[in-house]
Amino acid sequence: MADLPARSVRACAIPLLIALAAGCATLGVDSEHLKSPPPPCASPCQLVATWGNSVRYAPDPSHGGAPVPGLSGRLYLFGQEMSFPLAGDGKISVLLSDETNGAVVQKEVWNIDADTLKSWLRRDQIGWGYTMFLPWTTYRPDMTKLRMRVCYAPAKGAPLYFEGPLTIAPENGVMTGTVTKTDVSKPKN
């Protein structure tokens, strides 16, 4: 799969970030909580990624504002203890594979540079993390068993990995997804 330019990912992410920010009141996050300065960059030791429970649509400015399907999620970095999320200085790669028919077939790769990732830093009820919208160009409703692999590469130091399956199933005519298991480890080859 071809890598998406950071500009395209950023352009598609803006509408979702606005929508997520509008929903902060429902998450119990007050405006004072959101105004606090981000934590200093640290050397994270652990990575956790969460994925929304549905396929989302956002306008794609590069295609006249036509809505494109995508996956939304949050990425959190932690130190030795998982007490408070940290800010990072690195970049990420996210791989989406389809496992619906038993074979693992890579469908998407998103490479997010450090500047784009930094612009996605937001605070929620858990703490500081990165809000993502990843345009899913190969989306098909028949893909129901997915695997998400995230690699965070800091400016210095060893990369961190997070991997987990994501099950997509129709619910009331709408495609939704649920993380069924997560495993913080290096991806299996």
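Stretched out straight at 0.36 nm per residue, the stretch from Q125 to A66 would grow longer than its current Cα-Cα span by 18.1 nm.
Between V105 and F84, what length in nm is gained on full extension when 0.36 nm per residue of separation is reduced by their alpha carbon distance? Spell out each step's value before the answer.
On the way: separation 21, 0.36 × 21 = 7.56 nm, distance 3.52 nm.
Net length gain for the segment: 4.0 nm.
Geometric descriptor of segment 111-160, per residue, is 130 Å³ (volume of the convex hull of the Cα atoms).
Write down the Å³ per residue value for the convex hull defined by the alpha carbon atoms of segment 88-133. Mind dumping the intermediate values first?
Details: hull volume 4.5 nm³, N = 46.
For segment 88-133, the hull spanned by Cα atoms encloses 99 Å³ per residue.
Readers should treat all values here as calculations from the given coordinates under stated rules, not as data from a laboratory. Since the structure is predicted, the reported quantities are computational estimates derived from the model, not experimental observations.
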